[in-house]
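Below is one structure, written out as structure tokens, with a few remarks after it.
The values are calculated or read from the model by the stated rules, or taken from the named source; none is laboratory data. Here the structure is a predicted model, which means the values were calculated and not measured. Glycine gets a Cβ as well: all are built from the backbone with ideal geometry, and neighbour counts include every protein chain shown. Ligands, DNA and RNA are excluded from the accessible area calculation, which covers all protein heavy atoms including side chains. Shrake-Rupley method; radii C 1.70, N 1.55, O 1.52, S 1.80 Å.
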Amino acid sequence: MKKPIIGVTPLFDRERDSYWMLPGYLEGLEQAGAIPIVLPLPEDLDDLPQLVSLCDGLLFTGAHDVSPALYGETPKPTCGEICPARDRIEQALLHLALERDLPVLGICRGAQIINVAHGGSMWQDLSLRPGNTLKHMQAIR
């Protein structure tokens with residue numbers, strides 16, 4: 001039986017100018033019977049259709065904050081690091097996947113980018129929401 005190939009969006013480390021991946025994402029996909037491939041973040045969006053054509057599904061991972069500009073806000077002081085290239089590419093990847101009826105899964109930031117790509121809104125920092133007692137924190141830096 002042919003295993004599905006799942007494209008995984010990478011994490012980006014600005015200080016090291018590098019893409020990377022937490023092993024848990026890849027191990028989880030392998031345990032589920034898939035072949036994970038870490039996708040690049042190409043400058044040229046024209047390459048994305050060919051890239052998506054290699055995949056049977058996409059996993060949008062966590063990490064950076066989604067740019068508040070994508071849901072009509074300016075960044076608050078508690079906003080973490082954003083990666084505009086990743087925001088742009090992930091939105092384009094999502095639309096291509098949906099056009100091709102590919103399954104997608106978003107984890108943490110990935111769920112947020114799926115939400116805002118469909119016109120959804122978000123709270124930048126839940127601790128700023130009235131009545132909320134949660135503190136904002138970045139898990140990955």
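Net length available on complete extension from Q31 to L54 is 6.3 nm, with 0.36 nm assigned per residue and the Cα-Cα distance removed.
Put T74, T9 in order of accessible area, highest first, and with a 1.4 Å probe you get T74, T9.
For the chain, adding -39500 (n - 2.57) for each run of n ≥ 4 DSSP H residues and dividing by the number of residues yields -8500 deg cm²/dmol at 222 nm. Per residue, the average separation of C-alpha pairs within less than 8 Å and at least 6 apart gives the chain a relative contact order of 25 percent. Packing, taken as the mean count of other beta carbons within 10 Å per residue, orders the peptides 32-43, 87-98 from highest to lowest as 87-98, 32-43. Using Cβ point charges alone (K and R +1, D and E -1), the dipole size of the chain about the Cα centre works out to roughly 480 debye.
Rounded to whole numbers, the Karplus 3J(HN,Hα) couplings from phi for the stretch 16-24 are 9, 6, 9, 8, 7, 8, 6, x, x Hz, using 6.51 cos²θ - 1.76 cosθ + 1.60 with θ = phi - 60°, and x at Gly and Pro. Note on S18 and W123: their simple-model spin labels are 3.6 nm apart, each label 7 Å out from Cα toward Cβ. To the nearest 10, the accessible area of W20 is 90 Å² with a 1.4 Å probe.
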